[in-house]
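Data block below; observations after.
The values are calculated or read from the model by the stated rules, or taken from the named source; none is laboratory data. Everything quoted here is computed from the prediction, not taken from an experiment. No Cβ is skipped: glycine too gets one built from the backbone with ideal geometry, and neighbour counts run over all protein chains shown.
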Amino acid sequence: MKRGEMSQQAWRILVVNGPNLNMLGLREAHLYGALTLEDVEQLCRQRAEGLGASLAFMQSNHEGVLVDRIQQAREDADLVIINPAAYTHTSVAIRDALLAADKPVIEVHISNIHKREPFRHHSYVSDIAVGQVVGLGVAGYGYAIEAGVAYLNAQQQD
Ligand code: DHK
């Protein structure tokens, strides 16, 4: 049975959030906005539901916890949407976990990392991702879900 089609199994989307994103709504509102992580989860659930996809949503401040959950995506997800936050710029382990999961990846950043400090310009994820959504605020998570479902549907037709 093919996923992502009416009356058949839904695409399974995993949304992964890295360190300090639990502080959304409190931290540096000029960069990250006023909405909380709970608001982001609700936005993601609504968008996924509208597209007939299922959603798992997680956040951790711990690299190993993120690695464990990403590895699990090999079995329980069709697409990984990830905002690795600070680990974007440091973590070979998260990159390797994404490669091991072997699922399409979309990278999200709330702020425009390319307009910020030089150490934020490099991402360990971007060259293994289908694409990036950067600098469009938390709305970027919704755009990533839309783009991800479109990508999965297109892949299925190939
Ligand atoms: C979030 C963070 O916490 C930073 O460490 C990244 C990213 C940028 C974001 O824009 O969502 O550099």
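The table below lists the values:
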{"item": "Selection count, the stretch 23-34, where residues are surrounded by 16 or more Cβ atoms within 10 Å (Cβ to Cβ), within 12 Å of the ligand (Cβ to nearest atom) and either over 17 Å from Glu107 (Cα atoms) or under 15 Å from the mean Cα position of the chain (by Cα) (or both)", "result": "2"}
{"item": "Output for the stretch 118-136, where each listed residue is of a type in the set (D, E, K, R) and either within 8 Å of the ligand (Cβ to nearest atom) or assigned to a strand (DSSP E or B) (or both)", "result": "Arg120"}
{"item": "Ile81 vs. criteria in a helix (DSSP H, G or I), among the aliphatic types (A, V, I, L, M), modelled with pLDDT of 95 or more and surrounded by 17 or more Cβ atoms within 10 Å (Cβ to Cβ)", "result": "no"}
{"item": "Test: residue in the stretch 100-108 that is out of contact with any helix residue (DSSP H, G or I) (no Cβ under 6 Å at 6 or more places or on another chain) and either over 22 Å from Arg12 (Cβ atoms) or β-branched (Val, Ile, Thr) (or both)", "result": "no"}
{"item": "Qualifying positions in the stretch 94-117 - within 11 Å of the ligand (Cβ to nearest atom) and crowded, with 21+ Cβ neighbours inside 10 Å", "result": "Glu107, Val108, His109, Ile110"}
{"item": "Where a residue in the stretch 145-158 is surrounded by 13 or more Cβ atoms within 10 Å (Cβ to Cβ) and its partner, wherever it lies, is outside any helix (DSSP H, G or I) and of a type in the set (Phe, Trp, Tyr), with Cβ under 9 Å and at least six apart", "result": "Gly148/Trp11; Val149/Trp11; Leu152/Trp11; Asn153/Trp11"}
{"item": "Among (1) under 14 Å from the mean Cα position of the chain (by Cα); (2) more than 14 Å from the ligand (Cβ to nearest atom); (3) within 14 Å of Val16 (Cβ to Cβ) - the single one Asp76 does not satisfy", "result": "(1)"}
